[in-house]
Amino acid sequence: MVNPSTSGRSTPLLTKARISDTFMASLFVGACYVIYFYFGDIDSFQENGLFETGQNFLFLASGIVFFATAAMADDKAHRSVMCGLVLFCMSLLAREVDVRGTSLEPYLGSLTPYRIPYILLLMFWVGLMYVAVRGAGATWHAGVKWLLSIAGGWFFAGAVLYIVADMADKHIFTDGTTNYGINRSEMIEEALEFIGALFVLYASYVSVRRQWRLTISQRTLSPDDGR
C-alpha cells in the first residue's frame, strides 16, 4: 500500500532527481568538449591553468557534498566514512592548489613554506582515525559497503584515472617529447585528472542523493506504520 504522506511528494522528488541527474550528465559532456577544444593549448594545462583550476573546484565541491552527506547520516560508522572522504578531497585540493604567481600569493603565500594546510589536515586525519578505531568493525563494514556501491564505483573509476595520469606524468606510456612547445604527456595527465576529479564529484552526488532519500523516508514513516 502506498503511504499517503509520501505519494504526494514522490513526483516533485522524482522531478528534482531527474533534473540533477541531467545536470551531472551534462557536466561530463561539457568536460569532454572542453578537453577536445583546448587540447593543444599548453597554457590551459599548466599550473593554475584552466584544467587544474577546474580540478580544484571539483574537489572543493566534492568535499562539501560529502560533508553534507556526513551531516545527514545517523549511523556513526557511515558518518566516519563520509568524513574520511571529505578529508581525502581536501588533501587532494591542498596538493593541487598553488598560490604562487596568483593574486592570492600576498595573503596565502606565507602558509606554504610552513606546510600549515598539511598540518591541519594531519590533525583532522588523526582525530578521524581515533574515532574510526574505536568502532573499527562497524567503520570497516560501512567503508566496504560504500566502496561496493554505485558511489564507490565512481570513486574507484576516478582513482584509476588518477593513477593513469600519474603514469603519464612519469612517461610510462608517453615519451614526454615537446613539439612546438606542446608537452602532450602533461596535457594527458591534466585531462585525466580533470575527469577523475569529476568522477569523485559523481561519487559524492550519488552518496548525498541516497542519504537524502533515506532521511526523507525516515522522517515520513510514522511509528505505527508497521514497517
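Each reported figure results from applying straightforward, stated rules to the coordinates on display, with no laboratory input. For clarity, every value in this text was computed on a predicted model and none was experimentally measured. When we count neighbours, we look across all protein chains shown, and the Cβ atoms used for this are built from the backbone with ideal geometry, even at glycine.
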| task | Determine the gain in length on full extension of the stretch residue 157-residue 23; use 0.36 nm per residue of separation and subtract their C-alpha separation, reporting nm with one decimal. | result | 46.3 nm
| remark: The extension gain from residue 215 to residue 126, computed as 0.36 nm times the residue separation minus the Cα-Cα distance, is 29.1 nm
| query | Going 7 Å from the Cα of residue 136 in the Cα-to-Cβ direction, what parts of region 80-99 have a backbone nitrogen less than 17 Å from that spot? | reply | 81
| note | The extension gain from residue 47 to residue 74, computed as 0.36 nm times the residue separation minus the Cα-Cα distance, is 5.7 nm
| Straight-distance crosslink candidates among lysines, where the alpha carbon sits under 22 Å from residue 145 and sequence neighbours closer than 8 are dropped | 76
| query | What nm distance separates the two modelled labels at residue 149 and residue 167, each placed 7 Å from Cα along Cα→Cβ? | reply | 2.9
| Where the convex hull is taken over the Cα atoms of region 19-215, what is its projected area averaged over directions, in nm²? | 12.8
| request: Please work out the C-alpha center-to-center distance from region 189-203 to region 49-77 and express it in whole Å. | output: 13
| said: Can you give the local net charge around residue 78? Use residues other than it whose beta-carbon is closer than 12 angstrom to its beta-carbon, Lys and Arg +1, Asp and Glu -1. | reply: +2
